[in-house]
Amino acid sequence: MNAIVKAPFAWLLKREYWESRRGFLWTQICTASVLVAISILGIIAFEAFRLRNNIQIGVGMHGNLSDLLSNGMQHNTAGIVPALDGLMLTFGVFAAIVLFFVIFFYLLGALYDDRRDRSILFWKSLPVSDTATVISKVIAAIIIAPLISVGVVLAGYVVLQIVASIWFIGHGLNPLTLLWAHAQPFSVWLHLLAMVPVNAVWALPTVGWLLVWSAAVRSKPFLWAVVIPIIAGVLNFWIGLLGLPHADEQFFWGNIVGRALLSVIPAGWIAPNMPYLSSHGVDFVGQDQLAAISYSSMAHAFTLPDMWIGAAVGIALIAAAIWFRRWRDEA
């Protein structure tokens with residue numbers, strides 16, 4: 001184990017974390033902290049408004065936290081558990097939004113920044129191959145950053161549950177039996193953790209596309225990576241207006257432009273998995289929303305042709321990025 005930790009590839013992964021920890025870790029911590037702070041302010045505002053207007057708990061109350069207290073006062077477990085699930089999913093949704101932007105811009109700069117500041121000359125002087133360097137950046141983007149994000153989601157939820165426990169105690173309720181005795185929210189978190197490898201395979205087309213431009217262009221990789229597929233989509237549309245042979249608009253934007261730019265959005269595989277979910281009676285209303293990230297849904301995602309065609313294209317693009325990395329020394 002000690003040899004693995006000290007291996008050159010392990011050091012490459014450590015390098016990626018330390019150079020990008022502001023985005024990978026601290027951005028997620030700040031997001032979770034803001035959600036906790038907003039929740040605390042919401043509780044204070046709610047209590048002040050309720051006391052000022054002499055409103056009984058449960059009357060005109062909406063939202064996960066207020067529903068939580070209302071059901072807690074009634075000892076309604078059937079209402080408490082969905083509210084707790086909603087809190088966990090709230091942290092997960094905001095973490096996913098932040099993760100998308102972090103990974104997107106990380107990949108754009110992953111192979112470009114060290115060419116721009118000429119530090120690539122130092123890294124190439126080390127006994128580390130270009131293949132290992134690029135693969136370390138891929139793993140950092142699709143494994144390390146998401147795992148950190150999922151860890152912060154759990155930490156944020158636990159902190160908020162502690163805050164809710166204090167709130168419950170203030171109303172004479174026992175938080176141990178009403179909040180902490182339920183395993184379902186933590187089961188939801190385990191589903192978020194299990195999604196990491198599914199998201200990783202689904203993200204490969206965007207990972208490869210962004211790394212190619214990060215490795216190949218001499219300046220402005222963002223414009224090259226984003227503008228080219230959009231221009232191609234517009235040209236395809238105009239060719240269609242002229243009555244000339246062209247790709248189907250929905251296919252082009254969804255399976256080419258969308259997969260090239262948006263596949264790093266966590267849970268992006270749910271959309272093409274919709275027919276399977278619908279055939280199993282999932283209508284995405286209320287609690288059925290959790291069925292979209294069930295283990296069976298994740299397993300079925302690996303049977304989608306879109307998943308493996310995209311993965312093959314992504315691997316080819318990553319190979320191209322390695323080739324560009326080998327031959328381009330400066331921006």
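Just so you know, all these numbers are worked out from the coordinates, no wet-lab data involved. These figures come from a predicted structure and were not determined experimentally. Please note: Cβ atoms are built from the backbone with ideal geometry, for glycine as well, and neighbour counts cover all protein chains shown.
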MRE, 222 nm, helices only [DSSP H, n ≥ 4, -39500 (n - 2.57), over the chain, to nearest 500]: -22500 deg cm²/dmol
Label point distance in nm, LEU176-TRP308, each placed 7 Å from Cα along Cα→Cβ: 5.2 nm
Crossing angle, helix 184-216 versus the chain [Cα axis fit, 0-90 degrees, rounded to tens]: 20 degrees
TRP18/ILE315 FRET efficiency (R0 22 Å; Cβ-Cβ; nearest 0.05): 0.25
Contour excess over end-to-end distance, with Cα ends at PHE237 and SER33 and 0.36 nm allotted per residue: 69.0 nm
PHE186 versus TRP26: modelled label distance in nm, points set 7 Å from Cα along the beta carbon direction: 3.2 nm
Burial ordering of ILE142, ILE322, fewest other beta-carbon atoms within 10 Å first: ILE322, ILE142
Per-q log10 I(q)/I(0), region 193-258, q = 0.25 Å⁻¹ (Debye; single scatterer per alpha-carbon; no solvent): -1.02
Cα coordinate range in the chain, projected on the principal axes (Å, largest first): 70, 58, 38
The chain: angle of helix 64-73 to the longest principal axis, Cα-based, in degrees nearest 10: 30 degrees
Full-extension gain in nm, ARG52 to ILE97, via 0.36 nm per residue minus C-alpha separation: 12.5 nm
DSSP loop trypsin sites (Lys or Arg not before Pro) with at most 15 other Cβ within 10 Å: longest gap in the chain: 219-331
Contour excess over end-to-end distance, with Cα ends at ALA299 and ALA271 and 0.36 nm allotted per residue: 8.6 nm
Dimensionless Rg/Rh of region 120-258 - Kirkwood Rh, Rg from C-alpha atoms: 1.19
TRP323/ILE40 FRET efficiency (R0 41 Å; Cβ-Cβ; nearest 0.05): 0.20
